[in-house]
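Computed from the coordinates by the stated procedures, all read-outs in this text should not be read as laboratory data. Not measured: the values here are computed from a predicted model. We place every Cβ from the backbone using ideal geometry, glycine too, and count neighbours over all the protein chains shown.
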Amino acid sequence: MPFHPGIASEDAEAGFGEVDYRLQRQRLLRDIASGIADRAEACEIHPELIRVARKAAPRTGNSCPLCNENELRLVAYVFGPRLGPGGRCVISDDELQRIARRQGDFVSYEVEVCAKCGWNHLLRRYPLS
Ligand SMILES: [Zn+2]
């Protein structure tokens with residue numbers, strides 16, 4: 001499932017446990033390889049996400065599982081009090097820690113992004129504390 005900030009914010013209200021999405025990722029990649037899933041759909045990307053990935057997001061050291069031509073970037077979206085309905089896109093650990101020190105419950109979503117083909121997938125979400 002491509003990452004859409006608006007959808008994630010609804011999901012964030014459902015609970016605050018840690019969720020790992022790596023299994024879904026593997027399954028989706030397998031389905032794309034065997035033609036069950038649509039590659040174009042997997043590469044639909046929110047314009048903000050690709051802008052951030054191109055500009056400033058940290059590199060992961062892994063290459064894109066779909067196009068193999070680009071290094072994946074890691075983008076985090078944080079949802080919580082006063083961060084707005086779409087959450088806040090966070091690319092530095094410092095900023096993440098500043099938010100974690102605030103009052104209230106915050107959830108961070110880690111998304112890997114290929115700025116070349118648009119592949120993007122949730123890796124995990126976890127509560128900030
Ligand atoms: Zn790619």
Those trypsin sites (Lys or Arg not before Pro) from region 36-129 that are DSSP loop and have at most 10 other Cβ neighbours within 10 Å turn out to be Arg82, Arg101
Surrounding charge for Asp31, neighbours by C-beta under 13 angstrom, Lys/Arg +1, Asp/Glu -1, total +2
Cβ density ranking, 10 Å radius, fewest first, applied to Tyr126, Tyr21 yields Tyr126, Tyr21
Length gained if Ser63 through Val19 is fully extended, taking 0.36 nm per residue and subtracting the Cα-Cα distance, is 13.5 nm
Listed residues Ala57, Ala100, Ala33; largest mean-square fluctuation, Gaussian network over the chain with Cα springs below 10 Å, found at Ala33
Listed residues Ile36, Ile91, Ile50; largest mean-square fluctuation, Gaussian network over the chain with Cα springs below 10 Å, found at Ile36
